[in-house]
Amino acid sequence: MAAAADPIALPALPALTVTQGAGGTQTWSLSLQILAAMTALTLLPAILLLTTSFTRIIIVLGFMRQALGTTQSPPNQVLLGLALFLTAFIMAPVLTKAYDAGVKPYMAGQMSAEQALPAAIKPMRDFMLDQTRESDLKLFAQIARVPGYGDRDAVPFPVVVSAFAVSELKTAFQMGFLIYIPFVIIDLIVASVLMSMGMMMLSPMIVSLPFKVMLFVLVDGWALLIGTLASSFVL
């Protein structure tokens, strides 16, 4: 007796379709699903920037380098690599939940694509909503003319992403302001000393740079900065 068909089993997705024409000619065409998947791949950088911790991390690291006054050290490649690895470290629990909730059941044939997609997105939604200010969420809900929502699941995903991005920018700039304060104080002290000594032609930035680097090293600045960034996210 033949085995019963699995009601959740998904049909194969043909990548190419061959159509026989008159005279033995053949027409090759891509399926719309494959075209949509290939188009979605081009959006991966934007998804990385707007739905993960990457935005806050790279902006704070940029503020740190600017406050130190070392415009080319660390270089951009090092900061981007550090931001990417920190993003992977911070987002690992969220991505694991998304994989277990949606991707794994879908690959095992236990869920359809319509069921797996919301299940996989939910951990990302929860992460973004935990970092998003209520005022930003209400602002974009008003812009999108979304009616009042009673729970978190009722918020449309584009509204969540937009509010999350603005909240991350605000948080990153607040952290950057706090990072600048001790280094600005050093610049003011050095500038006052040089003025009192009559050395007005000497740039205070040249003299203050070694002191700022020394202060940053003495307080173990990189470990302090990375630890603060990692702990600033609500998981």
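The values are calculated or read from the model by the stated rules, or taken from the named source; none is laboratory data. Everything numeric in this text was worked out from a predicted model, so none of it was measured. The area values use the complete protein model at the heavy-atom level, side chains included, leaving out ligands, DNA and RNA. Shrake-Rupley method; radii C 1.70, N 1.55, O 1.52, S 1.80 Å.
Assuming 0.36 nm per residue, please report the length gained on full extension of the stretch Met38 to Leu178 beyond their Cα-Cα distance.
46.2 nm is the gain from fully extending Met38 to Leu178.
Which values, in whole Å and largest first, are the semi-axes of the equivalent ellipsoid of region 44-192 obtained as the square root of 5 times each eigenvalue of the Cα gyration tensor?
36, 21, 10
Heavy atoms only, 1.4 Å probe, whole protein assembly: order Glu134, Glu168, Glu114 by accessible area, highest first.
Solvent-accessible surface, decreasing: Glu114, Glu134, Glu168.
Could you state the accessible area per residue of region 107-230 in Å², with a 1.4 Å probe and every protein chain left in place?
Per-residue accessible area for region 107-230 comes out at 61 Å².
Mean 1/r over all different Cα pairs, inverted: what Kirkwood radius does region 98-142 give, in Å?
11.6
Counting only protein chains, not ligands or nucleic acids, how are Met111, Met124, Met201 ordered by accessible area (probe 1.4 Å), most first?
Met201, Met111, Met124
When the Kirkwood radius is taken over all Cα pairs of region 175-226, what Stokes-Einstein diffusion coefficient follows at 25 °C and 0.890 mPa s, in µm²/s?
Reported coefficient: 206 µm²/s.
Determine the share of region 144-207's accessible area contributed by carbon and sulfur atoms, expressed in whole percent, with a 1.4 angstrom probe.
The nonpolar share, carbon plus sulfur, comes to 76 percent.
Need one number for region 130-235: average projected area of the convex hull over its C-alpha atoms, nm².
9.6
How big is the gap, in Å, between the Cα center of region 214-235 and the Cα center of region 111-141?
Here the answer is 29 Å between Cα centres.
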